[in-house]
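The values are calculated or read from the model by the stated rules, or taken from the named source; none is laboratory data. Values in this document were obtained by computation on a predicted structure and should not be read as measured data. Neighbour counts are summed over all protein chains in view; Cβ atoms, including those assigned to glycine, are modelled from backbone coordinates with ideal geometry. The area values use the complete protein model at the heavy-atom level, side chains included, leaving out ligands, DNA and RNA. Shrake-Rupley method; radii C 1.70, N 1.55, O 1.52, S 1.80 Å.
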Amino acid sequence: QVQLVESGGGLVQAGGSLRLSCAASGRTFSSYAMGWFRQAPGKEREFVAAIRWSGGSSYYADSVKGRFTISRDNAKNTVYLQMNSLKPEDTAVYYCAGRSGAVAGTPHEYNYWGQGTQVTVSS
């Protein structure tokens, strides 16, 4: 049906940067809100950032605001998450998600999910 594929995760030192990408296929996502969530072992999945493909507004969890930037390339149906000043507490599997509506901050409101990409930040 719809596929979301994340890439760009890896291992970095605290203070370093990573850029995650999420490529969507299966349909046009120009009207979809897209989000990034993350989940650390033993913890619930939490909201990181969201953006409307066509609306231009972006939203961030307080924990990442000022450090992470979500962006998109509508022509490529791709959403990005630029992560700067990474902290050990950012360590998690990062998931790309989409929904055919307004941006949302809870996982159950999203219809499509990627497989996740591991981000590990060492002290």
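The set of residues from the range 107-119 being open to solvent by 50 Å² or more (accessible area, probe 1.4 Å), more than 12 Å from MET34 (Cα to Cα) and either among the hydroxyl-bearing types (Ser, Thr, Tyr) or touching a residue at least 40 places away in the same chain (Cβ under 8 Å) (or both) comprises GLN115, GLN118.
Here LEU20 meets each of (1) more than 11 Å from CYS96 (Cβ to Cβ); (2) crowded, with 18+ Cβ neighbours inside 10 Å with one exception, condition (1).
Of everything in the range 30-46 that is out of contact with any Pro (no Cβ under 8 Å at 6 or more places or on another chain) and part of a strand (DSSP E or B), the residue that is farthest from GLY101 (Cα to Cα) is GLN39. Filtering the range 68-80 to residues that are open to solvent by 40 Å² or more (accessible area, probe 1.4 Å), of a type outside the set (Lys, Arg) and modelled with pLDDT under 95 leaves SER71, ASP73, ASN74, ALA75. Screening the range 81-97 for residues that are open to solvent by 30 Å² or more (accessible area, probe 1.4 Å) and hydroxyl-bearing (Ser, Thr, Tyr) and picking the one that is farthest from GLU6 (Cα to Cα) gives SER85. Considering the range 82-123, and only residues there that are modelled with pLDDT of 95 or more and assigned to a loop (DSSP other than H, G, I, E, B), the residue that is nearest to the chain's Cα centre (by Cα) turns out to be GLY116. SER54 meets each of the listed conditions (1) over 15 Å from ARG99 (Cα atoms); (2) touching a helix residue (DSSP H, G or I) at 6+ places or on another chain (Cβ under 8 Å); (3) open to solvent by 10 Å² or more (accessible area, probe 1.4 Å) apart from (1).
ASP62 meets each of the listed conditions (1) open to solvent by 60 Å² or more (accessible area, probe 1.4 Å); (2) under 15 Å from CYS96 (Cα atoms); (3) among the charged types (D, E, K, R); (4) at pLDDT 95 or above apart from (2).
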